[in-house]
1. Is it the case that the stretch 114-133 has a residue that's out of contact with any strand residue (DSSP E or B) (no Cβ under 7 Å at 6 or more places or on another chain), farther than 16 Å from residue 32 by Cβ and in a helix (DSSP H, G or I)?
2. For the stretch 39-62, which residues satisfy the criterion of being over 20 Å from residue 160 (Cβ atoms) and more than 16 Å from the chain's Cα centre (by Cα)?
3. May I ask you to verify whether residue 142 is of a type in the set (Gly, Ala, Ser), surrounded by 21 or more Cβ atoms within 10 Å (Cβ to Cβ) and over 15 Å from the mean Cα position of the chain (by Cα)?
4. Identify, from the list 133, 120, 112, 84, the residue that is farther than 17 Å from residue 51 by Cβ, polar (S, T, N, Q) and crowded, with 17+ Cβ neighbours inside 10 Å.
5. Can you name the residue in the stretch 19-53 that is loosely packed, with under 13 Cβ neighbours inside 10 Å and aliphatic (A, V, I, L, M) and, of all such residues, is farthest from residue 122 (Cα to Cα)?
6. Return the residue satisfying two criteria in turn: it lies in the stretch 89-102 and is free of Cβ contacts under 8 Å to residues at least 60 places away in the same chain, in contact with a strand residue (DSSP E or B) (Cβ under 6 Å, 6 or more places away or on another chain) and of a type outside the set (D, E, K, R), and of such residues it is farthest from residue 32 (Cα to Cα).
7. Hey, any hits in the stretch 111-118 for a residue that's in contact with a helix residue (DSSP H, G or I) (Cβ under 7 Å, 6 or more places away or on another chain) and free of Cβ contacts under 8 Å to residues at least 60 places away in the same chain?
8. Tell me whether the stretch 119-131 contains one or more residues that are within 28 Å of residue 21 (Cβ to Cβ), modelled with pLDDT of 90 or more and in contact with a helix residue (DSSP H, G or I) (Cβ under 6 Å, 6 or more places away or on another chain).
Amino acid sequence: MSAHALELDEFDTPPGAAIAATRQFVTFTCAGQNFGVDIMSMREIRNWSPVTPLPAQKPDVLGVIDIRGRVVPVHDLALRIGCSAERQTQHDGKVILVLKVAGHDMGLLVDSVSDIIDISADDMLPVPQIEGSAARFLAGIARQGDTLVAILDEETVRTQAVEIGGEVGEQSQDSIDDGTGRDIEDTEFVFLDEIQA
């Protein structure tokens, strides 16, 4: 046995294993509740800026914003996951979290960003299944001192939304209906200024 192998055998757990079990989350408030999102999904945090509304958009979709040439849909998170039944009209002082989930950019309107927290696997609790709750939008409950933080399941938030009547609606951002009944999947839009350049 080499000296190097003997040194490694002295550790109960490999060096760095405890670090790998800890994840970081950006915490924020939305509709008076504490939430967190995995920091690895975050692209940026922006102050509220006006959005461009789209025709016939879902109630939780506020519109789109341009971020360095990318068109990003902005959703009212409280409305999307059922924390509120009314669309917010006052957005000044609010924050847009821009996430990259499964290759798709998505903006979430929230009240404020709080902190970045480190959560170990031992402090991540399962989501209780309560009838009528929006538990499907959560990946877990993080214990942070005396506070519990609801950790969002970014993929579920991206693909599903609570309808105004309380039902969950499936949404696909991978396909676009071109009005003929056919879906145009993963279409890339070309703008006129790109053609002329």
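The values are calculated or read from the model by the stated rules, or taken from the named source; none is laboratory data. Note that the structure is predicted; figures quoted are calculated from it, not measured. All Cβ positions, even for glycine, are placed from backbone atoms using ideal geometry, and neighbour counts span all protein chains on display.
1. Yes, the stretch 114-133 has at least one match.
2. 47, 48, 49, 50, 51, 52, 53, 55
3. yes
4. 84
5. Out of the qualifying residues, it is 40.
6. Ranking the candidates gives 98 first.
7. no
8. Yes, the stretch 119-131 contains at least one residue that is within 28 Å of residue 21 (Cβ to Cβ), modelled with pLDDT of 90 or more and in contact with a helix residue (DSSP H, G or I) (Cβ under 6 Å, 6 or more places away or on another chain).
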